Amino acid sequence: MKYICLKCSKYEAITTKKANCDCGGLWKLDWKPKKFDLDLIDKDIWGIFRYRNFMPLIDDSWKSISLGEGMTPIIRFNEDVLLKMDYLMPTLSFKDRGAAVLISHCKSIGVNKVLQDSSGNAGNSVAAYSAKANIECEIFVPKGTSDKKINMIRSHGAKVNIIRGVRDYCADVCRLEVKNSKAYYASHVYNPFFYEGTKTYIYEVYEQLKRIPSNIFIPLGNGTLFIGVIKGLEELLNSNIIDKMPNIIAVQSEYCAPFFKTVSTKNKNLVKVDIKPTMAEGIAIGKPMRANEILDYIYKYDVKVVISKEDRIIEARNNLAKKGIYVEHTTAATYAAYLTYCDVNGKISDTLIPMCGAGLKSDH
Ligand SMILES: Cc1ncc(COP(=O)(O)O)c(C=O)c1O
Ligand SMILES: [Zn+2]
C-alpha cells in the first residue's frame, strides 16, 4: 500500500510525514480493499472498526483510539425519507468516522503533534481523537466559528487559533504553519485515510438496510462525506453487491456554491465564485482542494448538484426539531435542499439524508 500523487502520479510511502507530494499534488491511496462481504464484518466490535477487513490499517492502534464512533441508526422520518443519524457520534458529527481512522494512522506512524484547519466539526473530531491517542493538537478555525465548537476543541486540550478571514484563508494560514513547523498535517481534506473512515457511512447503510436507497443526499463543501460515500458505493459495485449507482444529490449553500456553478455551466475545472457568509458554515468552502477529483466523480456518476436557499435553513431546522431531531444549520441546509428539490422535481421517494451535525453545536 502506497500513496500516489493525483497530479504527477509519483508514489510515496504511507509512513511519510509530508502533507502532500513535492509537486503540490494531493495523495490518493494506491490500495484495493477486499471485496465487501457481510460475513467479513467483525460483529463483536460496535463501531466502524467492525469493517476493518476493508480498511488500510497498518497495526492495532485503533483499539486504544476508538471512541465507539459509527453504528448510527437510520430512522424513518416520513414515508419518503430516511435519516441517518450521524450526529449521534462521540463529538456529535460524522467527522468522527474519518478522524478515528486518520488519528489511528498518525499513531501507527509515530506522530507526536498534529495541526489542522476546520470550520469546527472536523477540528472537534481531530482534537478528541488526538487526546485519546496522546498526540499534541493545534486547530485553526475561521473567526465566526460557533463558540460551542471552539470550547469543545479546547476542552480536549488542543490549542485553538482563531483566524481573521474566511475558511479558505484559515486553511492557508494553517498550511504555512505546517511548512514552518515539524508537526503533521492531520487534514481531513488532504489525508486519504480520512476518507477510509467516511466510507463506512455506506457500509453501515448497506448492513442496516440490506440495500442502498434510490436517492442519497450529501452536503458538499470539501467533500469528505461525498468522497467517502462514492468510495463506499464503488466498493459495493465492485463487489457485485449493487448493480448501479443510486441517484446522488450533492448540496451546496446558495452563498458558496462553486460546484453548483461549475456543473451548471458544464465546466471541467472549478469556476471561481463570490462567497457570502452563510449559516451553513460547514459547507462554506470556496476553494475545495480536491475539486478535480470531486468533479470527476460528479460527471462520471451523473451526480446532481443543488443549492440550499439561505432563507429555508431555519424553516428546515424547525421542521426537523418539531419532530424531535435537533440539528445544526449546515445539516438543516441539506434538508432544506431536499425540500426545494421536491418543489422543483416533484416528490421523490426512498431518499436517504444524513443528519451530520448536532443542533447544540451552532450558536444561532
Ligand atoms: C455538519 C457538517 N455537515 C457537512 C459538512 C461538509 O463536509 P465537507 O466539507 O467535507 O464536504 C461539514 C463540514 O465541516 C459539517 O460540519
Ligand atoms: Zn506529485
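When only residues in the range 198-226 that are among the hydroxyl-bearing types (Ser, Thr, Tyr) and in a helix (DSSP H, G or I) count, which is farthest from Gly357 (Cα to Cα)?
Among them, the one singled out is Tyr206.
Which of the residues that make up the range 325-364 are under 20 Å from Met71 (Cα atoms) and more than 16 Å from ligand 1 (Cβ to nearest atom)?
Listed by number, the list holds a single entry, Thr351.
Touching a residue at least 12 places away in the same chain (Cβ under 8 Å), touching a helix residue (DSSP H, G or I) at 6+ places or on another chain (Cβ under 6 Å) and more than 25 Å from Gly359 (Cα to Cα), is that true of Leu295?
Answer is no for this residue.
Being under 19 Å from the mean Cα position of the chain (by Cα) and in contact (Cβ under 8 Å) with a residue 12 or more places away in the chain narrows it down to one of Ile275, Ile242, Ile218, so name that one.
Within the list Ile275, Ile242, Ile218, the selection yields Ile218.
Just checking, which of Met55, Met85 is within 16 Å of ligand 1 (Cβ to nearest atom) and either of a type outside the set (A, V, I, L, M) or touching a Ser or Thr at 6+ places or on another chain (Cβ under 9 Å) (or both)?
The unique qualifying residue is Met85.
How many residues does the range 138-166 contain that are surrounded by 14 or more Cβ atoms within 10 Å (Cβ to Cβ) and closer than 16 Å to Asn121 by Cβ?
Of the residues in the range 138-166, 15 are surrounded by 14 or more Cβ atoms within 10 Å (Cβ to Cβ) and closer than 16 Å to Asn121 by Cβ.
Being within 16 Å of ligand 2 (Cβ to nearest atom), part of a loop (DSSP other than H, G, I, E, B) and basic (Lys, Arg) is the filter here; which residues of the range 1-59 pass it?
Lys7, Lys10, Lys18
Kindly list, by first and then second residue, each pair from a residue in the range 3-19 that is over 17 Å from Gly110 (Cα atoms) to a residue that is surrounded by 13 or more Cβ atoms within 10 Å (Cβ to Cβ) and of a type in the set (Gly, Ala, Ser), limited to pairs with Cβ atoms under 7 Å and residues at least 6 apart or on different chains.
Cys5/Gly25; Leu6/Gly25; Lys7/Gly25; Cys8/Gly25
Suppose the filter is under 17 Å from Phe94 (Cβ atoms), assigned to a helix (DSSP H, G or I), touching a residue at least 12 places away in the same chain (Cβ under 8 Å) and away from ligand 1 (no atom under 12 Å from the Cβ); does Glu235 pass it?
no
A quick yes/no check of all residues on (1) surrounded by fewer than 24 Cβ atoms within 10 Å (Cβ to Cβ); (2) closer than 30 Å to Thr351 by Cβ; (3) among the aliphatic types (A, V, I, L, M); (4) at pLDDT 95 or above:
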| site | (1), (2), (3), (4) |
| --- | --- |
| Leu67 | yes, yes, yes, yes |
| Asn78 | yes, yes, no, yes |
| Ser104 | no, no, no, yes |
| Lys107 | yes, no, no, yes |
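Would you check if Val344 is within 22 Å of the chain's Cα centre (by Cα) and either not hydroxyl-bearing (Ser, Thr, Tyr) or not assigned by TED's automatic domain parsing to the domain that holds Met152 (or both)?
When the stated conditions are applied, Val344 does not pass them.
Considering only residues of the range 119-163 that are of a type in the set (Ser, Thr, Tyr) and under 21 Å from Ser61 (Cβ atoms), which is nearest to the chain's Cα centre (by Cα)?
Ser125
Of all the residues that make up the range 36-84, how many are among the polar types (S, T, N, Q) and within 23 Å of Ser239 (Cβ to Cβ)?
Total satisfying the criteria: 2.
Return yes or no: is Ile313 in the same structural domain as Val251 (by TED's automatic domain parsing), in contact (Cβ under 8 Å) with a residue 12 or more places away in the chain, more than 15 Å from Ile218 (Cβ to Cβ) and assigned to a helix (DSSP H, G or I)?
Yes, satisfied.
The values are calculated or read from the model by the stated rules, or taken from the named source; none is laboratory data. Computed from a prediction, not measured in an experiment: that's the story for all the values here. Reconstructed Cβ throughout: ideal geometry from the backbone, glycine too, with neighbour counts over all protein chains shown.
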